[in-house]
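What follows is a single structure, and I will ask about it in a moment.
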Amino acid sequence: MATVDKLRNNLIDKLLTISNKDYLKALNQLVENSGIEHNAVKLTEEQILMLQLSDKDIEAGKLISQEQLDKDDLMWLKGK
């Protein structure tokens, strides 16, 4: 999935540099006519439960910064 996100972000970055209105119109029409499917991802019961538990953790303030998480990961890796 990271590959799809990376590709999407790269495309967005490139689109932001285009100033030719006709080119952008043509790209827009291409995307609109591409027949993109908008299928919702179906989550399992376990995935829904994990998301609900995550929401409860956030509401309860059970958070950790990315910086602290990185430090903890390094400590864990060094211990292996």
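Could you tell me which of the residues Asp70, Asp55, Asp22 is modelled with pLDDT under 95, open to solvent by less than 90 Å² (accessible area, probe 1.4 Å) and not small (Gly, Ala, Ser)?
Asp70
So which residues in the stretch 65-80 are closer than 28 Å to Arg8 by Cα and not in a helix (DSSP H, G or I), if there are any at all?
Matches in the stretch 65-80: Ser65 only.
Could I ask something else about it? Would you check which residues across the stretch 3-19 are outside any loop (DSSP other than H, G, I, E, B), open to solvent by less than 100 Å² (accessible area, probe 1.4 Å) and either in contact with a helix residue (DSSP H, G or I) (Cβ under 9 Å, 6 or more places away or on another chain) or polar (S, T, N, Q) (or both) and list them?
Of all residues in the stretch 3-19, those outside any loop (DSSP other than H, G, I, E, B) come to 3-17.
Within this subset, residues satisfying the condition of being open to solvent by less than 100 Å² (accessible area, probe 1.4 Å) are 4-5, 9-13, 15.
Across the stretch 3-19, the qualifying residues are Asn9, Asn10, Leu15.
Separate question: Quick one: how many residues across the stretch 32-50 are in a helix (DSSP H, G or I) and either in contact with a Cys (Cβ under 8 Å, 6 or more places away or on another chain) or surrounded by 10 or more Cβ atoms within 10 Å (Cβ to Cβ) (or both)?
Here is the first cut: in the stretch 32-50, the residues in a helix (DSSP H, G or I) are 32, 45-50.
This time we only want the ones that are either in contact with a Cys (Cβ under 8 Å, 6 or more places away or on another chain) or surrounded by 10 or more Cβ atoms within 10 Å (Cβ to Cβ) (or both), so: 47-50.
Residues flagged as in a helix (DSSP H, G or I) and either in contact with a Cys (Cβ under 8 Å, 6 or more places away or on another chain) or surrounded by 10 or more Cβ atoms within 10 Å (Cβ to Cβ) (or both) within the stretch 32-50 amount to 4.
The values are calculated or read from the model by the stated rules, or taken from the named source; none is laboratory data. In this text, all values refer to a predicted model and were calculated from it rather than measured experimentally. All Cβ positions, even for glycine, are placed from backbone atoms using ideal geometry, and neighbour counts span all protein chains on display. With ligands, DNA and RNA removed, areas are computed over all heavy atoms of the protein, side chains included. Shrake-Rupley method; radii C 1.70, N 1.55, O 1.52, S 1.80 Å.
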